[in-house]
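Worksheet: the structure to be examined is printed underneath.
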Amino acid sequence: MLEAGCGAGKLSIKLAKETGCPVFLLDYSQDALKSAKEILQELQKRDRKKYRVYFIQGDIKHLPFFDYAFELVFNEGVIEHWRDDFDRRFVINEMTRVAKKNGKVLIWVPNKKCIFRRFWKATKWPGYLRGVEEYPFSPSELKDALEKSNLNGITIEAVEPQKSFFIWPAFLKIFKPIEAILLLVRAILPNFIRRHVDFRLSREISGVGTKI
């Protein structure tokens, strides 16, 4: 597996632990890789076990790997930092290039359709404010981006929509009963309606496709 743009690498390190598979973490930032190495070292010290995790400094737009190298190529919170569609497509094409035939490419990005997003951004809400500019995807835009990289069998999913409620600060107790009611209503909705609701609630969405 390859996480192309790993940041602190927590997700990849967890994958390496849970699956036993070799996982490569690539990032342009030496500081990010240093943080990821420290997290791995702490985990290995605690578990008294070595995990197959490998660190590489590199450019996501020019991945330093041969074609057809990985079963899974993924990232979370990366693609939305390019505003230009050409740049976004170039990055996804690189991820697709290094995936094996019938391998998976997975992209995890902020959801443009989230009904809370404008309010969070406008008010600089605690728990939401981020340090860098981002350009979120709608579900249809993410699907289109993956299709243009010649991926097959594409599915787009809302990522844990219920967690959107937990971004509200704890001191706003008034939201707690509303949150509980909304979660209950969501649970009893028919699947096709729930899917629509989930895309409106979720802060993030994921898209996965198969390389053909």
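The values are calculated or read from the model by the stated rules, or taken from the named source; none is laboratory data. Quick caveat: nothing in here was measured; it's all calculated off a predicted structure. Here the Cβ positions follow ideal geometry from the backbone for every residue, glycine too, while neighbour counts run over all protein chains shown. These area figures cover heavy atoms from the full protein model, side chains too; ligands, DNA and RNA do not enter into them. Shrake-Rupley method; radii C 1.70, N 1.55, O 1.52, S 1.80 Å.
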Determine the pairs where a residue that is of a type in the set (Lys, Arg), located within the range 142-169, has a partner that is open to solvent by less than 90 Å² (accessible area, probe 1.4 Å) and modelled with pLDDT of 95 or more with Cβ atoms under 6 Å apart, the partner being 6 or more residues away or on another chain.
LYS143/ILE154; LYS143/ILE156
I'm trying to understand the selection: among the residues of the range 64-100, which are surrounded by 21 or more Cβ atoms within 10 Å (Cβ to Cβ), farther than 17 Å from LEU11 by Cα and of a type in the set (A, V, I, L, M, F, W, C)?
VAL91, ILE92, MET95, VAL98, ALA99
Here are some conditions: (1) open to solvent by 80 Å² or more (accessible area, probe 1.4 Å); (2) assigned to a helix (DSSP H, G or I); (3) modelled with pLDDT of 85 or more. ASN152 meets all but one. Which one does it not meet?
(2)
Selection status of LEU15, under 23 Å from GLU71 (Cβ atoms), out of contact with any helix residue (DSSP H, G or I) (no Cβ under 9 Å at 6 or more places or on another chain) and open to solvent by 40 Å² or more (accessible area, probe 1.4 Å):
yes
Subset of the range 35-49, residues surrounded by 13 or more Cβ atoms within 10 Å (Cβ to Cβ) and of a type in the set (D, E, K, R), comes to LYS37
Out of LYS104, LYS45, I need the residue that is out of contact with any helix residue (DSSP H, G or I) (no Cβ under 8 Å at 6 or more places or on another chain), basic (Lys, Arg) and within 18 Å of LYS211 (Cβ to Cβ). Which one?
LYS104
Whichever residue in the range 109-123 is modelled with pLDDT under 80 and open to solvent by 90 Å² or more (accessible area, probe 1.4 Å) and, among such residues, is farthest from GLY77 (Cα to Cα)
PHE119
Can you find a residue that is at positive phi, modelled with pLDDT of 90 or more and not aliphatic (A, V, I, L, M) anywhere in the range 73-84?
yes
When you go through VAL98, VAL73, VAL23 one by one, which is the residue that is closer than 23 Å to ALA158 by Cβ and out of contact with any His (no Cβ under 8 Å at 6 or more places or on another chain)?
VAL73
Looking at LEU106, is it open to solvent by 10 Å² or more (accessible area, probe 1.4 Å), in contact (Cβ under 8 Å) with a residue 60 or more places away in the chain and not charged (D, E, K, R)?
yes
In the range 186-212, anything part of a helix (DSSP H, G or I) and open to solvent by 70 Å² or more (accessible area, probe 1.4 Å) is listed as ILE188, ASN191, PHE192, ARG195, HIS196, ARG200
